[in-house]
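Encoded as structure tokens, the structure appears first; notes follow it.
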Amino acid sequence: MIQRIQTLYYGIAAICLIAITLGVNVFSYQISEDNSAHLNLDFSSYGVSGSADFFEVDLNQPKYDDLRSIAKLENGVAKYDYKVLVYFPFYALTIALSLMVLAAIFMFKKMPLQVRTGRAAFFFTFLLFVFVVVMYYAGGTQFTEVIPDSQSTKTLGLGFYLLCISIAFLFLGNLGVRRDIKLVKSLDRLR
């Protein structure tokens, strides 16, 4: 029966994972140095991307040697925009998890297989959540080294909350499938 409540739970989890796959911002860093430099870094399923603005900065100083070749000077502000700075398999993981959850929805006739698929999706989504949390707390120190004597602020994005929602709804979907298995077993005993 595709109209069961766990189908709704799995569907919401799949929608959240698909939204993350489409590039919703998971978290971001804003790094600034005494009104002279500002760096924005956005972490999404595509990688780390962002932009940098350097106000009233003399790019000939030795501490900006790395940025001199890539920054453009416009109206006294050195600007540097980049699409994707770092690629990683986060994109492939979110696609695989989305497909796994969608497969669990359509396995309603094979409940034991649906339970295993749902558990695997929950486990891997939880591991992805742990990876995101570790990157959120450990990643900021790497980026502050780009601009010396800088301060950074971290911001959680919509993608982080969608990941939390997908974990919760995967858990509820797994509970619903187990409840149906118990119901079928109790009906089999009555026959």
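Just so you know, all these numbers are worked out from the coordinates, no wet-lab data involved. Source: prediction; values computed, not measured. With ideal geometry, Cβ positions are generated from the backbone for all residues, glycine too; neighbour counts draw on all protein chains shown.
For ASN25, the amide hydrogen comes within under 5 Å of the amide hydrogens of LEU158, GLY159, counting only partners 5 or more places away or on other chains and with H modelled in the peptide plane.
Remark: spin-label model distance LEU187-PHE123 equals 2.9 nm, labels positioned 7 Å along the Cα→Cβ axis. Starting from the Cα of ILE95, move 7 Å in the Cα-to-Cβ direction to define the label point; list residues of segment 114-128 whose amide nitrogen is under 19 Å from there. Flagged as within label range: 121, 124-125, 128.
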